[in-house]
1. Hey, LYS323 hits all of (1) in a helix (DSSP H, G or I); (2) buried (at least 20 other Cβ atoms within 10 Å of the Cβ) but one; which does it fall short on?
2. Within the range 257-271, does at least one residue satisfy the condition of being in the same structural domain as ILE152 (by TED's automatic domain parsing) and more than 30 Å from GLU220 (Cα to Cα)?
3. For the structure I just gave you, tell me whether LYS316 is over 27 Å from GLY33 (Cα atoms), basic (Lys, Arg) and over 21 Å from the mean Cα position of the chain (by Cα).
4. Which residues, counting only those in the range 277-320, are part of a helix (DSSP H, G or I) and of a type in the set (Gly, Ala, Ser)?
5. Scanning the range 172-220 for residues that are in a loop (DSSP other than H, G, I, E, B) and touching a residue at least 24 places away in the same chain (Cβ under 8 Å), which turns out farthest from ASN234 (Cα to Cα)?
6. Here is a check on your reading of the model: is LYS62 over 22 Å from the mean Cα position of the chain (by Cα) and surrounded by 13 or more Cβ atoms within 10 Å (Cβ to Cβ)?
7. Can you confirm whether the range 345-354 contains a residue that is closer than 21 Å to SER118 by Cα and touching a Phe, Trp or Tyr at 6+ places or on another chain (Cβ under 8 Å)?
8. Can you work out which of the residues in the range 247-287 that are among the basic types (Lys, Arg) and touching a helix residue (DSSP H, G or I) at 6+ places or on another chain (Cβ under 9 Å) is farthest from ILE207 (Cα to Cα)?
Amino acid sequence: MYLKHISLINFKNYDEAELSFSEGANAFSGDNGAGKTNLLDAIHYLALCKSYFNPIDSQQIKQEKDLFMIQGIFDKNGNEETVACGVKRNQKKQFKRNKKEYQRLADHIGLFPLVMISPNDIALILEGSEERRKFIDNVISQTDSRYLDELIVYNKNLLNRNSLLKKIAETGKYDPYLLEIFDEQLVSSGKIIFEKRTAFMERFAPIFNQHYSYLTDDAELVELVYDSPLQKGNFAELLQQAIEKDRILQRTTTGIHKDELIFSVHRMPLKKFGSQGQQKSFLIALKLAKYSFLYQEKGFKPLLLLDDIFDKLDDKRITKLMKMVSEEDFGQIFITDTNSARLKDVFRNIDVDLNLFNIKEQQVHHEQN
């Protein structure tokens, strides 16, 4: 699978843009703020129905315009697939595949798997556990449609249970039978999600270790550990044990919404004790492991988007990484950098053809080889 062509209208800083891509390495070069990352984000929209950076669709519309449109043509097993996304201010997002509009965007997730590596990924290390749960959810959702359905149901039931706890606190009226109904609904979807996350991590952690070892020449001991309240007991019993605490805090304090991924280097928390280089290598290994897992599950290669990843990596690791992702285990690559000469040198050194676009003043110029 690869993206052959993309066209944009009023997307972020672009009035219009049309680009055709090679099946291998494609690069966008230009100054900071020129719009390199916006092109990657447009590709992310086509694959996953949303921006990688901003959840509010209307904020992707170019200033003083009323709508944006993105259209892409994918080659999938020799067949062309056209995907189109349109957003008008104050209207519902439209998403179409081969001119047929989706009733549920969830049905699109996983058809065109994609992995993005970006400086924003540092939030996975520095921010709260929600960021790390999102990472797990994003990977599994691209391979298991039932997982995404169960996650939607769980979050809805969690919201209902929390609303009931607040109502109990406000009115003083405690109906244990109604709470029991919410508990049963939460347990039903929660157990399925927990089992799927557990099975995923059993496969994912060894893949991550392989990628990290390759990037760092086995220089460091790192660990990636899944931690969940449901590892400590039956979910229904955990909810019962926590009921007094839940009533005081007016929210559900146990469940898969409290799951965590623990990152460590030399058995110390990566957030506190990892160097910038170690954190960068950890994040890249996470994303490459995600790529490998999706490839194994889907049976074809996802798209790989690399946004400004040369920052904080030394030349040796840059060359090693580029050589790795340009080999046969990887498919189509999109990469951004401010330095076109560096891009050319890196790909020349590993003997890989590069399809290069230079961006200046919101205009995209294809550089001929």
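The values are calculated or read from the model by the stated rules, or taken from the named source; none is laboratory data. Since we're looking at a predicted model, the values are computed, not measured. Every residue, glycine as well, gets a Cβ built from its backbone with ideal geometry; the counts of neighbours run over all protein chains shown.
1. For LYS323, the exception is condition (2).
2. If we filter the range 257-271 for residues that are in the same structural domain as ILE152 (by TED's automatic domain parsing), which is where we start, we get 257-271.
Okay, now just the ones that are also more than 30 Å from GLU220 (Cα to Cα), so 257.
Scanning the range 257-271, I find at least one residue that is in the same structural domain as ILE152 (by TED's automatic domain parsing) and more than 30 Å from GLU220 (Cα to Cα), so the answer is yes.
3. On the way: over 27 Å from GLY33 (Cα atoms): yes; basic (Lys, Arg): yes; over 21 Å from the mean Cα position of the chain (by Cα): yes.
So LYS316 fits the description; yes.
4. Selection gives GLY277, SER281, ALA285, ALA289, SER292.
5. So the first thing to find is which residues in the range 172-220 are in a loop (DSSP other than H, G, I, E, B), and the list is 172-175, 217-220.
Right, trim to touching a residue at least 24 places away in the same chain (Cβ under 8 Å) and you get 174, 220.
Values: TYR174: 24, GLU220: 36 Å.
Among them, the one singled out is GLU220.
6. Numbers: over 22 Å from the mean Cα position of the chain (by Cα): yes; surrounded by 13 or more Cβ atoms within 10 Å (Cβ to Cβ): yes.
Against the criterion (over 22 Å from the mean Cα position of the chain (by Cα) and surrounded by 13 or more Cβ atoms within 10 Å (Cβ to Cβ)), LYS62 qualifies.
7. Taking the range 345-354 first, the residues closer than 21 Å to SER118 by Cα are 346-347, 354.
Add one more test, that the residue is touching a Phe, Trp or Tyr at 6+ places or on another chain (Cβ under 8 Å), and what stays is 354.
Within the range 345-354, one or more residues are closer than 21 Å to SER118 by Cα and touching a Phe, Trp or Tyr at 6+ places or on another chain (Cβ under 8 Å).
8. First, the residues of the range 247-287 that are among the basic types (Lys, Arg): 247, 251, 258, 267, 271-272, 280, 287.
Okay, now just the ones that are also touching a helix residue (DSSP H, G or I) at 6+ places or on another chain (Cβ under 9 Å), so 247, 251, 258, 271, 280, 287.
Working: ARG247: 42, ARG251: 36, LYS258: 24, LYS271: 21, LYS280: 17, LYS287: 11 Å.
The extreme case among them is ARG247.
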